[in-house]
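K.L.:
So that we are looking at the same thing, I have put the structure below in structure tokens.
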Amino acid sequence: MIDDTSALPAVWTSNESASESSQASAIAGVLERDRAARDRERRVRYGSLFALVCLLPLLLWAAAHGVTPLVRGAYALMAAGAAAMVAAEWMYLDWSTQGLPGPVDARSQLQTTAFMLTRQIRLLQTAPFWTSPLFAGAILIGVWMYGARTHAGAILVWTLTAAGWIGGALRTTRTRSRLSETKLEMERLLRDLS
Amino acid sequence: MRSQDHKAQFTELMEAYAGPIRRLCAVYADSRADREDLFQDIFLAVWRSLPHFRHDATVRTWLYRVAHNVALTWRVRHRRRQSRESPLLDDMAAPSEMDLRRLALTRAIAAMSPGDRALTLLWLEGLSAVEIEDVTGVKAATVAVRLSRIRKHLQPAGEPS
């Protein structure tokens, strides 16, 4: 019988049934997870950097040497949009890293994570604005094609642009709603802890 | 911090605190796979934070801060995949009376609000109100009041059912 709660810590810390994985494999598992997470992060960063390095000079060159002012303006818009998208992706990743749990007290941690989530949600809310130059540029290329080349080509460009725009909007909306739910839960936790 | 020192310190910490962290995981995650996932997430955060540890807190409170932050965040992010599996029952072939008491206690803690749960776990692991303030950021006086209420609620929980 347990007559008072002072015995509860003893109950709590009594030996557990030994069915968990061994210490060595647990350590190996943690190190493997660390390596995989770093690899993933590196892939995303280098991937976007590669895209920027390859795509941006190409777009800038096209912006300088396009056949008409309309085409040059369209490529310039696309270059600005591509740069904004890469910058936004890097900021998003940075805020995700800053929001990760660390060695501060739980209240400060929850406040930091909620703050970083707010920033990420705002970034996603403004996505239509900072991605618009890319899509507007593509639409202008379609306009030029419609007048100077084939109608079918122009319609294809517009369709692909619209599909990219709608697909991106759906993805950011889904992510935003998931982040908003997480943020609400964090704030509830914070209230409960206070 | 040199890589060898980092790994040696980490191994030492894992050996010393694997038990308390597994107990914490048992409260936050229902299935064995989730417990293992959370356990590894906690020690991953410890591994990454260790080079920045400046000894401005004791190792114990520092580690509990990391562990509770990861567990709270993990719970929020995985709330949709909480299973209906009975916590820990799958691990017990022939549970002793002590096992059953611990199981009842685990269930009672798992049913608490997140704030009460964190305070209770830290109290059960032997931390003082001041240390709990250091880990959670909740004032020591508030911790004492809340723990007193929690203890009243917990009294029957340690009894075998």
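Taken together, the values in this text are just the output of simple stated rules run on the coordinates, not laboratory data. Remember, it's a predicted structure, so these values are computed and weren't measured experimentally. We place every Cβ from the backbone using ideal geometry, glycine too, and count neighbours over all the protein chains shown.
K.L.:
Suppose we keep only residues that are surrounded by 16 or more Cβ atoms within 10 Å (Cβ to Cβ) and more than 26 Å from B:Asp116 (Cβ to Cβ) within the stretch B:10-39. Which one would you say is farthest from the other protein chains (Cβ to nearest Cβ)?
P.N.:
B:Leu13
K.L.:
Another question, then. Scan (1) surrounded by 14 or more Cβ atoms within 10 Å (Cβ to Cβ); (2) at positive phi for the single condition B:Arg48 breaks and write down its number.
P.N.:
In the conditions (1) surrounded by 14 or more Cβ atoms within 10 Å (Cβ to Cβ); (2) at positive phi, B:Arg48 misses (2) alone.
K.L.:
Residues in the stretch A:125-135 that are more than 15 Å from A:Glu89 (Cβ to Cβ) and surrounded by fewer than 18 Cβ atoms within 10 Å (Cβ to Cβ): how many?
P.N.:
Within the stretch A:125-135, the first condition is being more than 15 Å from A:Glu89 (Cβ to Cβ), and the residues that meet it are A:125, A:128-129, A:132-133, A:135.
With the extra rule that they be surrounded by fewer than 18 Cβ atoms within 10 Å (Cβ to Cβ), the set shrinks to A:125, A:128-129, A:132.
Counting residues in the stretch A:125-135 that are more than 15 Å from A:Glu89 (Cβ to Cβ) and surrounded by fewer than 18 Cβ atoms within 10 Å (Cβ to Cβ) gives 4.
K.L.:
Same structure, new question: Out of the stretch A:143-193, which residues are exposed (fewer than 15 other Cβ atoms within 10 Å of the Cβ), assigned to a helix (DSSP H, G or I) and β-branched (Val, Ile, Thr)?
P.N.:
Selection gives A:Ile155, A:Thr159, A:Ile166, A:Thr173.
K.L.:
Can you work out which of the residues in the stretch B:14-36 that are over 12 Å from A:Ala26 (Cβ atoms), among the hydrophobic types (A, V, I, L, M, F, W, C) and in a helix (DSSP H, G or I) is farthest from the chain's Cα centre (by Cα)?
P.N.:
By that ranking, first place goes to B:Ala33.
K.L.:
Please work out which residue is farthest from the other protein chains (Cβ to nearest Cβ), limiting yourself to the stretch B:106-123 and to residues that are within 13 Å of the chain's Cα centre (by Cα) and in contact (Cβ under 8 Å) with a residue 40 or more places away in the chain.
P.N.:
So the residue we want is B:Ala110.
K.L.:
Now, a different point. Just name the residue that is nearest to the other protein chains (Cβ to nearest Cβ) out of those in the stretch A:90-124 that are surrounded by fewer than 16 Cβ atoms within 10 Å (Cβ to Cβ) and hydrophobic (A, V, I, L, M, F, W, C).
P.N.:
A:Phe115
K.L.:
Any idea which residue in the stretch B:45-61 is nearest to the chain's Cα centre (by Cα), counting only those that are part of a helix (DSSP H, G or I) and without any contact (Cβ under 8 Å) to a residue 12 or more places away in the chain? Full working, then the answer.
P.N.:
Taking the stretch B:45-61 first, the residues part of a helix (DSSP H, G or I) are B:45-52, B:59-61.
Remaining after also requiring without any contact (Cβ under 8 Å) to a residue 12 or more places away in the chain: B:48, B:52.
Working: B:Arg48: 19, B:His52: 22 Å.
The extreme case among them is B:Arg48.
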